[in-house]
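The values are calculated or read from the model by the stated rules, or taken from the named source; none is laboratory data. Bear in mind the structure is a predicted one, so any value in this text is a computation, not a measurement. Positions of Cβ are backbone-derived with ideal geometry, glycine not excepted, and every protein chain shown enters the neighbour counts. Surface accessibility is based on the protein's heavy atoms, side chains included, excluding ligands, DNA and RNA. Shrake-Rupley method; radii C 1.70, N 1.55, O 1.52, S 1.80 Å.
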Amino acid sequence: MGSPMLIALGCIFALMGLIGFCGTLKKISWMLLVFFVVVLIIFILQVIAAVFLLLPNSVKENALSSLEVKFVESLRTKYDQDQSFTDIWNVTMTKLNCCGYKGYKDFTNSTLKGSSEYPKQCCKSVKKCEKVEAEKENIRGCIHVLFDENIPISGALSFLIGILEIVAMFVSLKIYRCLRRLPDLPDPFSNNL
């Protein structure tokens, strides 16, 4: 699910780079303007996401509280009933070393095959995970793992990419302004010399 999205984003960024490059090489000002506008939109969305990432965890949890109810309810009703839903959550919980959205209690009173059983990710040391073992191990919920471990790295990376985007916007706007002031010059790469 994440890989195709990253590949699509990479293709969009490559296309934007190509538009900026061709606009500069062929002296086509509208291509540079399109490049600038798209990079500006991406930059604005990135700043909004970065501001959200830098908020304290309590503020983020409050902002996501309406989603929490939906996540927990879907875990209780769909987990172990809908195979694709179960597979996505199993992969997520395994990769992040977490259990449920906020913890093992998300699976209490759920529709799991054994009503007293919990997903194996909620108990690392036993094969059959029941409430006593899940309570004893008390593995953190996935939302806490994301907030505490993965988001700070994303914030730092977002900041570095933002600097590159500012430079790209500055350069494209400078070239655009220069092209608007220059008279039409012959293309040095054409065969009409």
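One table, with the values for the structure above:
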| item | result |
| --- | --- |
| All helices (runs of 4 or more DSSP H) inside region 22-116 with 1 or more residues being surrounded by 11 or more Cβ atoms within 10 Å (Cβ to Cβ) and among the hydroxyl-bearing types (Ser, Thr, Tyr) | 29-54, 65-78, 83-96 |
| Hits in region 12-21 - residues which are open to solvent by 80 Å² or more (accessible area, probe 1.4 Å) and within 21 Å of the chain's Cα centre (by Cα) | Ile12, Phe13, Leu15 |
| Inter-residue pairs, beta-carbon under 9 Å, first hydroxyl-bearing (Ser, Thr, Tyr) and in region 44-57, second at pLDDT 80 or above and assigned to a loop (DSSP other than H, G, I, E, B), 6+ apart | none |
| First in region 80-93 and touching a residue at least 60 places away in the same chain (Cβ under 8 Å), second anywhere and part of a loop (DSSP other than H, G, I, E, B), Cβ under 9 Å, 6 or more apart | Ile88/Met1 |
